[in-house]
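Remarks on the structure that follows.
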Amino acid sequence: MKPIVKKGILLGRTRFKESSLIIRVLSEDGSLVSLMFKGALRRKSGIAARIKPFALLEFVYYHKRERSIQTASEVSVVEDFSENIGGYNSQVRAAKYIKKAASLLQPEQSNPEIFDIVLALLREWEKISSLPENLLWSAFLLKIMTFAGFAPTIFQCALCNGKIDERNGAAFSPSAGGLICSSCPNPNDAIPFTAEMVKSSQFLISNSFDKLFQIDISANAMNKLAISFERFWAFHIGEDKKQRKNNH
Ligand SMILES: [Zn+2]
């Protein structure tokens, strides 16, 4: 059998039996892969030390269709972001982003853009982590939802497809699928959006992380945006995959 060589980002690792490790990886093709490294914890192996969080790793493994955990033989560190990420609090914060992106992926599904966005986030973390959490989180949610095909409608009215004139006021409704213009009746879950919030949402969805420093938005508005996109996520995606499965 020919081995597969693929890059990926570590999602989690668990000890298996005496000296083996099973790890979960967000693969470069945007799929979730489980790998088993037999004997990785043996003193001489050196494998465990190379299975680093916050790094771009390269794995060599043997793929068998019928298996849910693939047997891996080698791992190397291609790019280490741990210095970018910094201390414990920053690690917890970055891990939350990686987890959220991975939670969008179903088994057997691949979405390379989700991997790309996580990689971009880790590469730029040192700079962009100084952005307010509500702003970075809102931008991240919008981007990964867009790549997963769940983007809220924010350039036109989600109900009538009409133009959003933010000067007349607008609202954001998770159940309706995004922004609602001032002429349409507001659904029960509508959250009022100021002109500043409409403009910022549109900016967040169309620009890369490093451009977010250009946004001038109040802390209160940022907070409301983050809450709105979290509600949109909860309505369309659910808290985790199990819940999503139960909903359909
Ligand atoms: Zn409308």
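Please treat every number below as a calculation from the coordinates, not as lab data. Remember, it's a predicted structure, so these values are computed and weren't measured experimentally. Heads up, the Cβs are rebuilt from the backbone with ideal geometry, glycines too, and the neighbour counts pull from every protein chain shown.
Quick notes on this structure:
- Amide H partners (placed H, <5 Å) of Lys7, local residues excluded: Glu28, Phe59
- Placed amide H near Gly162: partners under 5 Å, 5+ positions off or other chain: Cys157
- Relative to its residue count, the stretch 139-248 spans a Cα convex hull of 106 Å³ per residue.
- Column: log10 I(q)/I(0), Debye, Cα scatterers of the chain, q = 0.09, 0.17 Å⁻¹: -0.46, -1.23
- Estimated vicinal HN-Hα couplings, Hz - the stretch 136-153 in sequence order (Karplus 6.51, -1.76, 1.60; Gly, Pro = x): 5, 5, 4, 5, 5, 4, 4, 5, 6, 5, 4, 5, 8, x, 10, 5, x, 7
- FRET efficiency, Ala95 to Val5 (Cβ-Cβ, R0 25 Å, nearest 0.05): 0.45
- Short-range pairs are left out: with C-alpha atoms under 8 Å and at least six residues apart, the relative contact order of the stretch 131-247 is 29 percent.
- Calculated diffusion of the stretch 1-126, Stokes-Einstein form, Kirkwood radius summed over Cα pairs, 20 °C and 1.002 mPa s, µm²/s: 144 µm²/s
- DSSP-defined beta bridges in the stretch 131-247 - what % are antiparallel, rounded to 5: 90 percent
- Loop-located chymotrypsin sites (Phe, Trp or Tyr not before Pro) in the stretch 75-168 (DSSP state not H, G, I, E or B) with no more than 10 neighbouring Cβ atoms inside 10 Å do not occur.
- Cross-link table Lys127/Lys224; Lys143/Lys163; Lys17/Lys52; Lys99/Lys163; Lys2/Lys99, entries beyond 26 Å C-alpha to C-alpha: Lys99/Lys163; Lys2/Lys99
- Helix-only mean residue ellipticity at 222 nm for the chain, each DSSP H run of n ≥ 4 adding -39500 (n - 2.57), per residue, nearest 500: -11500 deg cm²/dmol
- Over all other residues within a Cβ to Cβ distance under 9 Å of Val60, the charged ones net out to -1, with Lys and Arg as +1 and Asp and Glu as -1.
- DSSP-assigned coil residues among GluC sites (Glu not before Pro) in the stretch 140-248, each with at most 16 further Cβ atoms within 10 Å: Glu239
- Charge dipole magnitude, Cβ of K and R +1, D and E -1 - the stretch 131-247, Cα centre, debye nearest 20: 340 debye
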